[in-house]
Each structure stands twice: as C-alpha cells, then as structure tokens.
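Take a look at the structure set out below.
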Amino acid sequence: METLIYRDRKGSNCLKWDYPAGQFSRQELTPLWVADMDFAAPACVRQALAEQAEFGVFGYPASSEGYYQAFLDWQRKWHGVELQRDRLRYTPGVVAGFYWFVQLLSQPGEAVLIQPPVYYPFRNAVKDTGRRLVTNELVNSHGVYTIDFDDFERKIVDEQVKVFLLCSPHNPAGRVWKRAELERMLSICRAHGVRVIADEIHQDFVYPGHVHTPAAAIPGYEDMVVSLTAPSKTFNLAGLKMSVATIPDPELRGRFDEFVGRLRLTDGSLPGIAAATAAYNGGRDWLDAILETVQANYRCLQEILLPARPKVVLSPLEGTYLAWLDLGAYVAPEGLTELVEGRCGLAADYGRWFGGSAACHIRLNLATKQEIIADAARRLADAL
C-alpha cells in the first residue's frame, strides 16, 4: 500500500486553506470544509506530471483515448461495469456537467427535483439556469437518511418534474444507495418521463458492507440516465479539470456534442489527461491508503466526540470522505456559526448550505491527518 504524504497547504493558493476574505468570520481557522484532500496525489501521477514537465512542451494533445481506456478498465475492475467508449464524453468537472445537462434536458421554468440536504451546487444549478426547484427531502432517522418514495412520486406528478438530480453516493449524508432504492427511484422516473442526472463523483469512496451501483448500469434504465464522475475526488486532482459523462442515449449524445461544440470545450488539458490516465492505471494502492485513513479519522472523531457529548448525532459513514454531524441537541441554529468559528476555530460546511432540516448540522472533511481531526473533535466537545 502506498504511503500517504501529508502537505501543509496554507499559502499554496489553495481554496480550502487560503479561502477568500468574507467566506468565514476570520482567516485563522482550521479548515475542514472544501472536499479535497491534504495529501499529495499518487506517486504515479506525480511521476507522469514530472516527466511531462521535464519534456517541457505543452502543446495540443492529439488524443484522450488512453485516458478513456484507463477509465473503462477502472470501471470494469472496481465497479463490475462494462461501459462503451462511444458513450463517454469530457466535461471540465462534475458541477459543470450537471449544469450543462440541466439545460439540455429541460427548459427555463420547468421543474427539477433534488433531495436535500444535498450538495449545494445542485440547488444553484436549478436556480442559475432559470429552472423551478422542487424538493423531496430525505427522511432523517437519528442520522440515517432514507427516501420518502411517496413524496418523491407525488412531487414528480404534481410539479410535472422533468429532471431529477441524483447524488450517489449521497453528499453530505454519507449514504450509499442500495440497488433496490435506486431501481425504485428510476422506476418512478421512468413511469413519469423524468430524466436522471446522477452525480457519482464519490463512487470510489465506499466502505465495507456497502456497494456502489452506477445508475447508468442498471438494465432497463440506461437511456434515461446520465452519469457523471471524475478522477478528481478519487485521486485529489480537482484543479486539473477532468471529468467524464456517460451518456447512453444516442439522441442526447448528439445534442450534447452540439452544445459543447458551441462552447469549444470538448477535451481536457495535456497535464489533466496525463494525470488522470496515470491515476486510473496505477493509483489503486494510494486510494486504499486513503480509504483506511478516512475510516480511521471517522473512528477518531466518533471516539473523542461522542462519549463526551452523546447527544451529537454522527451519521454512519457508508460513502464519501465527509462526516455529517447534527449538533442541535446542544446549540440553536442562530448560535452555530459562533460556536464553530468563534469558539472552536473551525471552518466547516454548514448544514443550512445543503437545505432541508439541517440548520444545526455541519459537514467535516476527513481527508486530512488524524491530528487535525482529533484536535477538531476535542474543540467541539469542549465548546458544546
């Protein structure tokens, strides 16, 4: 297993550590917010980029085929899914991808459904493109989130929903949806003519006892689903702007090609292609080390915080590298910012950003060294 290299990222033009003034109440906070990692990318990635830098020419890439083949091999080996090359397309990021597909699959004023509390760019994508937001709030049972299927179908019918934005695995709740849950959602969408955009960027962060099922790989529903994923979360490559969309429907592929052709955004950068290809071909040992680290950090948070403050609700970590905590037994919504930033000195993602009944929640990034997580847990315990 590859040894992880922790990096002190402060002062490195890093959004997570060098966040812009005004993002939080002050600058000197320990950042546990943005979902990227404090570890250097896999050695194979660093080697590929070093070789390219040494070569010293950064002209137009001739082809991305090596990258796509590496992605296809990864999906086959680690997710048991046989995808077809002609169904894959480039996007500069998963967020850009679902913004694009919302526009391709609906018209301004039409309804798009999300399941809060959910990754906040989902809500932004609906509003920024002039679509109408419809919510099917997840049911929270002591930190375990499930789907209200009756409400899901009722909202689709009553609001004439055109598109469903699916987060799988779910961010921030940490759920890895069971195949039966996915099939039921897709069946309802099929019955009412709803297209599905599946954000599967956390597909590789799934822990023992759970299995990620790619939505576009479920037989009978491929034509109505677009799946979006990337090496960016898996291998800490977000700044290289490489993501992949799986589009089984040939008519939608044609419309997508016309859309991105007008934007002149049809392929990745030379460094991005090199890094992503190397990661998919040689980064598995590094990922295994990350998965072990995240699980150990989750246990650390659990073992320090919960005995001291047993009314904190920490959602089970089935997927992602993000801890989701409900502090509502100890603090009111209006006091949460002062507690987290003022008393704990932490920069966290706030539940109110994700919508739904999460006003007293915070999301913490576990992809860092354990000393930081332990210190944050102690600060929270003391302040609460």
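The values are calculated or read from the model by the stated rules, or taken from the named source; none is laboratory data. These figures come from a predicted structure and were not determined experimentally. Positions of Cβ are backbone-derived with ideal geometry, glycine not excepted, and every protein chain shown enters the neighbour counts. Each accessible area value is taken on the protein alone, full model and side chains, heavy atoms only, with ligands, DNA and RNA left out. Shrake-Rupley method; radii C 1.70, N 1.55, O 1.52, S 1.80 Å.
Out of the residues in segment 202-242 that are of a type in the set (Gly, Ala, Ser) and not in a loop (DSSP other than H, G, I, E, B), which is surrounded by the most Cβ atoms within 10 Å (Cβ to Cβ)? Ranking the candidates gives 227 first.
Only one entry of 195, 154 meets the criterion of being open to solvent by 50 Å² or more (accessible area, probe 1.4 Å) and in contact (Cβ under 8 Å) with a residue 40 or more places away in the chain, and that entry is 195. Among the residues of segment 368-384, those identified as within 19 Å of residue 39 (Cα to Cα) and buried (at least 22 other Cβ atoms within 10 Å of the Cβ) are 368, 373, 376. Of the residues in segment 95-109, not one is more than 27 Å from residue 172 (Cα to Cα) and among the hydrophobic types (A, V, I, L, M, F, W, C). Do we find that residue 190 is basic (Lys, Arg) and within 24 Å of residue 243 (Cα to Cα) in this structure? Here the answer is no, as residue 190 does not meet what is asked.
Yes/no matrix, rows are residues, columns are (1) assigned to a loop (DSSP other than H, G, I, E, B); (2) at pLDDT below 95; (3) open to solvent by less than 70 Å² (accessible area, probe 1.4 Å):
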| site | (1), (2), (3) |
| --- | --- |
| 19 | yes, yes, yes |
| 49 | no, no, yes |
| 53 | no, no, yes |
| 58 | yes, yes, no |
| 63 | yes, yes, yes |
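Put simply, of 292, 303, 258 the only residue that is at pLDDT 95 or above and more than 27 Å from residue 369 (Cα to Cα) is 258. Sub-9 Å Cβ pairs linking a first residue in segment 307-326 that is within 16 Å of residue 168 (Cβ to Cβ) to a second residue that is among the basic types (Lys, Arg) and open to solvent by 30 Å² or more (accessible area, probe 1.4 Å), at least 6 apart or interchain, are 320/233; 321/233, ordered by first then second residue. Determine whether residue 27 is surrounded by fewer than 20 Cβ atoms within 10 Å (Cβ to Cβ), under 30 Å from residue 219 (Cα atoms) and not basic (Lys, Arg). When the stated conditions are applied, residue 27 does not pass them. On inspection, residue 267 passes the criterion of being open to solvent by 50 Å² or more (accessible area, probe 1.4 Å) and in contact with a strand residue (DSSP E or B) (Cβ under 9 Å, 6 or more places away or on another chain). When each of 298, 330 is tested for being open to solvent by 10 Å² or more (accessible area, probe 1.4 Å) and outside any helix (DSSP H, G or I), the lone residue that passes is 330. Applying the set (1) of a type in the set (Lys, Arg); (2) buried (at least 24 other Cβ atoms within 10 Å of the Cβ); (3) not in a loop (DSSP other than H, G, I, E, B) to residue 175 leaves exactly one unmet item: (3).
Every residue, every condition in (1) surrounded by fewer than 17 Cβ atoms within 10 Å (Cβ to Cβ); (2) assigned to a helix (DSSP H, G or I); (3) among the small types (Gly, Ala, Ser); (4) in contact with a Pro (Cβ under 7 Å, 6 or more places away or on another chain), yes or no:
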| position | (1), (2), (3), (4) |
| --- | --- |
| 97 | no, yes, yes, no |
| 113 | no, no, no, no |
| 118 | no, no, no, no |
| 124 | yes, yes, no, no |
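Taking residue 271 and the conditions (1) farther than 30 Å from residue 195 by Cβ; (2) in a helix (DSSP H, G or I); (3) without any contact (Cβ under 8 Å) to a residue 60 or more places away in the chain, which numbered condition does it fall short on, given that it satisfies the others? Evaluating residue 271 over (1) farther than 30 Å from residue 195 by Cβ; (2) in a helix (DSSP H, G or I); (3) without any contact (Cβ under 8 Å) to a residue 60 or more places away in the chain leaves (3) as the failure. Screening the candidates 215, 275 for the property of being in contact with a Leu (Cβ under 8 Å, 6 or more places away or on another chain), of a type in the set (A, V, I, L, M) and under 22 Å from residue 5 (Cα atoms) yields one hit, 275.
Summed over segment 167-200, residues that are in contact with a Cys (Cβ under 9 Å, 6 or more places away or on another chain) and aliphatic (A, V, I, L, M) total 3. For residue 367, the conditions (1) part of a helix (DSSP H, G or I); (2) of a type outside the set (Ser, Thr, Tyr); (3) under 30 Å from residue 77 (Cα atoms) all hold with the exception of (1).
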